[in-house]
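The values are calculated or read from the model by the stated rules, or taken from the named source; none is laboratory data. Worth saying up front: this structure is predicted, and the values here are computed from it rather than measured. FYI the Cβ positions are ideal-geometry reconstructions off the backbone, even for glycines, and counts take in every protein chain you see.
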Amino acid sequence: MLRSVLAALVLATVAVGCGGPPAANALLTETETAYLEAESAPDIARSAPVALADARDALARARAAQAEKQKPEAVTHLAYLARQRVRIAEETARLNASAQDIERARAERQQVQLEARTAEAEAAQRSAEAQRAAAVAAQASAEAQRVAAEAALRRAQELAAQVTDLQAQLTNRGLVLTLGDVLFDTAEATLKTGGLRAVDRLVSFLNDYPQRTVLIEGFTDEVGSDESNRALSERRAASVRQALLDRGVASLRVQTRGYGEAFPVASNGTPEGRQQNRRVEVVISDDTGAIPARQ
Amino acid sequence: MPLLPVRPLALASVLVLAGCASSRPPAGAVGAELDAAQSAIAQADQASAAQHAPLELRNARQKAQQARAALDAGDTEVARRLSAEATVDAELAQVKARSVVSQAAVEEVRESIRALREEIERSRRG
């Protein structure tokens, strides 16, 4: 009985060890798959051929061990070595690829650095040019301001000279030229030579300042009726107006008013005062043509 | 009890074992393999595998330790296998570490290119 058991045991060992097909090894199967994938990857075959060959050889040894029906742990051990060799091939391919990538990237970076420096230089140049242009513009602006100021000063000086020539006064209503009683025929509206000379000066002024207009206001003293004084003052203002028109001043520019006895400038109690009140005031507008109303 | 046919049985067993198992390697050769494994581990360490391929490096170290223990216990076959596995694990750790480092270097250069391009864009926009 024991003999037959032992015999069976021996037979069983022999059968398992050296007869029939080899038992499948899970790690070997996995390694076969992994190797086929690595072999068919173009970049691994190209950039890690030696490592891939090592993996192939290790796999062949594992297969052989299995075909020879070596112990499972022996087959597994060889399959493990092959599996790691496949991984080494994959990682080697990655390493070589990234070494190439670094070279390319470094070359690209050099190019881009050059580009960056160029762009920076161009930007600096643009900035410098802009600054120059701004400086030129500022200078031109300052020059223009200076010229304008000079022109304004000249105009003011001319005006002052003209006003002096005109013998007008600057009042709160603007320039006022006063034509006194002596410039008119006594109690009449006719202008005497002196009055006409004053008108000439006024015409000259109005020709030089074509934007300005005039308001001619006539006044009398208290002697006589309000009505007749009003009429006289109006006639005197109209007389001055006509003289201006005769000398070419546009009628649009000339207005008249007769105030009669109103707005005396001196006391009507003395001959001198009365003479002062008998006057014509020519109010000259500003250079927009505006004349403030009489207060 | 009848006598067992010891000799044929023993012979058969020896034949089976001889046919289906490898021979016992000598201790000296295994020691050399273990030294090779340690050398491979040292190289992997130098390549910063502890940082970039820690699992693979740890596997290599553990197997080398186990190989040493097996060798000391006279288990030369086991020691030889463990040494061989420790070596291949260390090689994998080394190449993986170098690969990781290299890829990081590429990314760094690419990042600097991106930064430069942004600078160019800013310069051009004025």
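Observations
- Looking across the range B:54-84 at every residue that is more than 28 Å from residue B:100 (Cβ to Cβ) and touching a Leu at 6+ places or on another chain (Cβ under 8 Å), the one that is surrounded by the fewest Cβ atoms within 10 Å (Cβ to Cβ) is identified as B:68.
- When A:89, A:99, A:93, A:82 are screened for being within 22 Å of residue A:42 (Cβ to Cβ), assigned to a helix (DSSP H, G or I) and touching a Phe, Trp or Tyr at 6+ places or on another chain (Cβ under 8 Å), only A:82 passes.
- Strands (runs of 3 or more DSSP E) contained entirely in the range A:176-295, each with at least 1 residues that are free of Cβ contacts under 8 Å to residues at least 60 places away in the same chain and among the charged types (D, E, K, R): A:254-258
- Restricting B:56, B:91, B:111 to residues that are assigned to a helix (DSSP H, G or I), within 11 Å of another protein chain (Cβ to nearest Cβ) and over 12 Å from the mean Cα position of the chain (by Cα) narrows the list to B:111.
- Of residues in the range B:94-108 being without any contact (Cβ under 8 Å) to a residue 12 or more places away in the chain and more than 7 Å from chain A (Cβ to nearest Cβ), the one farthest from residue A:96 (Cα to Cα): B:108
- Looking only at the range B:31-53, and only at residues there that are farther than 12 Å from residue B:94 by Cα and more than 14 Å from chain A (Cβ to nearest Cβ), the one that is surrounded by the most Cβ atoms within 10 Å (Cβ to Cβ): B:34
Yes/no matrix, rows are residues, columns are (1) β-branched (Val, Ile, Thr); (2) at pLDDT 95 or above; (3) closer than 25 Å to residue A:273 by Cβ; (4) surrounded by 12 or more Cβ atoms within 10 Å (Cβ to Cβ):
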residue	(1), (2), (3), (4)
A:160	no, no, no, no
A:164	yes, no, no, no
A:169	no, no, yes, yes
A:191	no, no, yes, yes
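The rows are residues; the columns are (1) in contact with a strand residue (DSSP E or B) (Cβ under 8 Å, 6 or more places away or on another chain); (2) among the basic types (Lys, Arg); (3) surrounded by 12 or more Cβ atoms within 10 Å (Cβ to Cβ).
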site	(1), (2), (3)
A:94	no, yes, yes
A:98	no, no, yes
A:107	no, no, no
A:112	no, no, yes
A:124	no, no, no
A:130	no, no, no
A:137	no, no, no
A:141	no, no, no
A:152	no, no, no
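- In the set A:225, A:233, only one residue is over 51 Å from the mean Cα position of the chain (by Cα), surrounded by 18 or more Cβ atoms within 10 Å (Cβ to Cβ) and over 19 Å from residue A:174 (Cα atoms); that residue is A:233.
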